[in-house]
């Protein structure tokens, strides 16, 4: 009952005219950003932070806007997947498999409507999950000491390493690189400037926003230079997006199962919308694809990944809000944004700043309804966005990045630094280093060091405190296990292959 | 079968090893006047340096196959883009937001295949639009430039 009372307070926050407007703007911009190939949720959220900051919004309002962009983008990503066979963002890659074939058969309107409804169901079920689980998780996490926190963060990095990208070592390198960036600036424990090389501008540390926009947006612009072709839709006509009740009912179980899968995968650190949609799709294919229609325009193949990726983005909010440990690049950027507003998510936030958490959760219920309404009748309008020519779109992303970063400090140094980070991000992408761990490292670095030093201050310098309690032992074990996981899988896989060869 | 080249990861590993060494040396020099905790400002960075050193050695021993680096034509475009970003960063204050952004956008549009006329018009529209949004909508001042009268 307590949860319901809290949620009611959340709705009081979310239903103020300003916050309603921001939830709508977030949902609208998110759909747009998701629909445009080239800007995914991370870029969109990062580019909008300076604007939210400049508007001097209260933290809960800023979070409502930015989170709206995040989950809205998962709705938008499907539009270009279905119409152009070009995924609008990473979470919508799987949607192309059956979405585009459906469009080719002249069922584009149906695919768009079904995927919008699936997105709505997945998104809403995830918010319900968030409402139910988050308070308990937070209550449990309050008991964490510094040693447990340190172990938890190690666990987050190791799951991210084993799940993001192909080579875990590269993800680990990316994490350490992010943590190193976080050590730049005055050491809070002793007041000593570290790695500043006498540059006054670095005393406050590396600017989170400059790194986030450089790493994601600028490197994206450099990557887009490579693709000589990007689908620009010339003649897209989507009349009405409607789906028959029969088709919908046939997909309902797929939607519900995929929502569950998506939510739990989203909660796991490191695994986001793209993994969730892939797992949901393969599960459904195995379970219900009796006639082998998956891949040639089966509605269930559109519904499953869309329900899963929206549920995953809701699930990803759970560890970010309750533990202060984000599990994905976008939630790490959201966490960084909250820190700019002097709010530190974590178990205490539920007691100290309930208006932020519950306001956000309530706004997600509202936002999902808005998104459904936006995405059913207006989908034709959003589809027209895809006709923006590339020569305008890509420079516009660059311009938005530059003006946003410049607006915060009016500093040419920041712009140059952002460009430099953009080059690093581009090289990392090319060489197969995932970017999300860098931002996670930057956001968590200080917290990780502070907790390590606190733990050792308690023990008087005895390192064994880090694995003294059962909980921290468990977390270390899980961390090591998740790092070994990919190797175990390939080991088992090769043995199985060996067996079949023997037969 | 042609042996795959794995040079990129070896070079990356070597550079990262250098980074970890430089970072570690810089961390060694750190000294606090008083110690509030047993670890001090050095320990965490040294841990990171050691971790990066190990990982980069591993990367050099077990590198992945090289990615497809872009052809020279694309590379030239990317360089032209990066140079323009540097010039733009320095030119923003003296030229002013409107002029600098219009020129920069025209140049970028050109790199992405538009002709000069479209690039200029698109750039001008974008610059004016962003200026209106930021200065009048959000109340964030953007420079008009030193050549602007008054």
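Annotations for the structure displayed:
- Within the range B:35-48, considering residues that are in a helix (DSSP H, G or I) and facing chain A (nearest Cβ under 8 Å), the one modelled with the lowest pLDDT: B:43
- In the set A:12, A:74, only one residue is surrounded by 19 or more Cβ atoms within 10 Å (Cβ to Cβ) and in a helix (DSSP H, G or I); that residue is A:74.
- The one condition in (1) more than 14 Å from every other protein chain (Cβ to nearest Cβ); (2) in a helix (DSSP H, G or I); (3) more than 30 Å from residue A:393 (Cα to Cα) that residue A:144 fails to fulfil: (2)
- Within the range B:48-69, the set of residues being in contact (Cβ under 8 Å) with a residue 40 or more places away in the chain, within 25 Å of the chain's Cα centre (by Cα) and farther than 10 Å from residue B:8 by Cα comprises B:56, B:59.
- The set of residues in the range A:303-323 that are surrounded by fewer than 24 Cβ atoms within 10 Å (Cβ to Cβ) and not in a helix (DSSP H, G or I) is empty.
- Residues of the range A:430-459 satisfying the condition of being away from chain B (no Cβ under 12 Å) and more than 23 Å from residue A:214 (Cα to Cα): none
Here is a yes/no grid of residues against (1) more than 10 Å from chain A (Cβ to nearest Cβ); (2) in contact with a helix residue (DSSP H, G or I) (Cβ under 8 Å, 6 or more places away or on another chain); (3) within 20 Å of residue A:407 (Cβ to Cβ):
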position	(1), (2), (3)
B:93	no, yes, yes
B:96	yes, no, yes
B:100	no, yes, yes
B:125	no, no, yes
B:130	no, yes, yes
B:148	yes, no, yes
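- So residue B:64, is it facing chain A (nearest Cβ under 9 Å) and loosely packed, with under 13 Cβ neighbours inside 10 Å: no
- Of the numbered criteria (1) in a helix (DSSP H, G or I); (2) within 7 Å of another protein chain (Cβ to nearest Cβ); (3) under 20 Å from the mean Cα position of the chain (by Cα), the one residue B:83 fails is (2).
- Among the numbered conditions (1) in contact with a helix residue (DSSP H, G or I) (Cβ under 9 Å, 6 or more places away or on another chain); (2) surrounded by fewer than 17 Cβ atoms within 10 Å (Cβ to Cβ), the only one that residue A:475 does not meet is (2).
- For the criterion of being buried (at least 21 other Cβ atoms within 10 Å of the Cβ) and within 9 Å of chain B (Cβ to nearest Cβ), residue A:400 passes.
- Within the range A:336-391, the set of residues being within 14 Å of another protein chain (Cβ to nearest Cβ) and either in a helix (DSSP H, G or I) or touching a strand residue (DSSP E or B) at 6+ places or on another chain (Cβ under 9 Å) (or both) comprises A:390, A:391.
- The listed residue being under 30 Å from residue A:137 (Cα atoms), surrounded by 22 or more Cβ atoms within 10 Å (Cβ to Cβ) and within 10 Å of another protein chain (Cβ to nearest Cβ), out of A:209, A:179, A:160: A:179
The values are calculated or read from the model by the stated rules, or taken from the named source; none is laboratory data. Computed from a predicted structure; not experimentally measured. Cβ sites come from the backbone with ideal geometry, for glycine too, and all protein chains shown count toward neighbours.
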